[in-house]
Amino acid sequence: MVKMALLGCGLIGQFYARALMGNRRRDSICIAYSRTQERASALAAQWNIARTTTSMIEAIRDSEAELVVVAVPNHMHEEAVLEAAKASKGILCTKPLGRTAAEAWRMLQAAEKAGVFHGYLEDLVYPPKTLKALETVQAGALGKILWVRSRETHPGPHSAWFWERDLAGGGAIVDMGCHCIEIARNFIGKRVRPVEVVCWGATQVHPIDSEDHAVGLVRYENGALGQFEVSWTFRGGMDLRDEISGTEGTIWLNHWLRTGIEVFTAAGSSKYVSEKSESSTGWLFPVGDEAGALGYTTMFDEMLTAYESHAAPRETFYDGYIVNAIVDAAYRSIQTKRWEPIEIQEWRGDQQSQTPLNTEPLDANQEVIKKEVLPDGTTRWIVRDRVTGEIRNVASLS
């Protein structure tokens, strides 16, 4: 049995409570924090939570809670994680880990220095369809993965803070692109280093100072591509789709607009349909178990089992940091309109699993972007060709 402090009682906090309290059942949320007492009390009444508070620090330091679940807005993640680490509590944090890679790195370092359990709550890696597809890929059924396309689009977020760049860290990319990026990483292989990003993003519809639509490509060291498509301008509900293409096969996943239940109503429905549904008339696509379909149920089952077993979960803060580093490069690419290198402070991938490094000497056409020394003594440069703009790895034995 795991006793938890839940930080945040909004949409994500509600999903988390439903997954936590409705599945394993042996676990408990012993205290819930919200910035408003009304919202905290409502969630507590629904799930029989003993205590509520409007003080985040009080919730984190609760003597009964051993694990802190962070489901507050993006600008509050770092404070919550640092305080939880200081209190020697295990930490589960919603996506994105930070507003920037620098924030995410500080959060990772705090958790690791404190020696506490940390899990990155990237729910869209955990839907049963996705896990089955990952098993298929890892069994070699698709051969070498060449390209992963992940799409998340809907009419716009549910809370006003998403529209404010300072609070959110950006727009649709940091909100939804983080999902798409980590989905692609899982299928391509987390041990394969992401190298560079090219991205287009713009504000097309909403009167905000961050992007409401973006498309990007992430190139990996083995030549694979991850493609993300995100939008707050899509009409018709929420569209969640993934495509995985390999040398020996293809997988298509449609998570939301085609749920397996299709209802037409001219009279309209007074019942909740599904997240981001725009209408209660016409063709509707209800979801039997939203928490399950979106991966929350299997995610928390895996996270809490890992916590009890003193094992690392599928998604850790390091994964969240890598995602933030890719998002940062995407934002730089929007400004420069060219491929931008992904700046990673410490790469922990298995070097043996990646494409052998080129041992050509540097020449006048190569611009050095980054230099690092690998554990085996090899000096490695990430360089850009001044003529073609191509970014690649060049290594020389020390």
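Data for the structure
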read-out	value
Identity of the residue in the stretch 1-16, of a type outside the set (A, V, I, L, M, F, W, C) and outside any helix (DSSP H, G or I), that ends up surrounded by the most Cβ atoms within 10 Å (Cβ to Cβ)	Gly8
Residue in the stretch 281-309 that is farthest from Thr265 (Cα to Cα), counting only those that are outside any helix (DSSP H, G or I) and free of Cβ contacts under 8 Å to residues at least 40 places away in the same chain	Asp289
Residue tally, condition assigned to a helix (DSSP H, G or I) and closer than 24 Å to Ala293 by Cα, over the stretch 17-43	7
Residues located in the stretch 320-356, provided they are of a type outside the set (Ser, Thr, Tyr), at pLDDT below 95 and over 18 Å from Ala104 (Cβ atoms)	Asp350, Gln351, Gln352, Gln354, Pro356
The listed residue being surrounded by 23 or more Cβ atoms within 10 Å (Cβ to Cβ) and either in a loop (DSSP other than H, G, I, E, B) or modelled with pLDDT under 95 (or both), out of Ala65, Ala80	Ala65
Selection count, the stretch 128-162, where residues are part of a loop (DSSP other than H, G, I, E, B), in contact with a strand residue (DSSP E or B) (Cβ under 8 Å, 6 or more places away or on another chain) and surrounded by 14 or more Cβ atoms within 10 Å (Cβ to Cβ)	2
Yes/no for Thr52 being among the β-branched types (Val, Ile, Thr), over 25 Å from Gln14 (Cα atoms) and modelled with pLDDT of 95 or more	no
Within the stretch 10-49, considering residues that are hydrophobic (A, V, I, L, M, F, W, C) and closer than 22 Å to Leu82 by Cα, the one modelled with the lowest pLDDT	Ile12
All positions within the stretch 1-43 that are basic (Lys, Arg) and within 23 Å of the chain's Cα centre (by Cα)	Arg18
Every residue from the stretch 186-226 that is in contact (Cβ under 8 Å) with a residue 60 or more places away in the chain, buried (at least 18 other Cβ atoms within 10 Å of the Cβ), not in a loop (DSSP other than H, G, I, E, B) and not aliphatic (A, V, I, L, M)	Asn186, Pro194, Glu196, Cys199, Gly201, Gly216, Arg219, Gly226
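The values are calculated or read from the model by the stated rules, or taken from the named source; none is laboratory data. All figures in this text were calculated on a predicted structure; none of them were measured in a lab. Cβ: placed from backbone, ideal geometry, glycine included. Neighbour counts: every protein chain shown.
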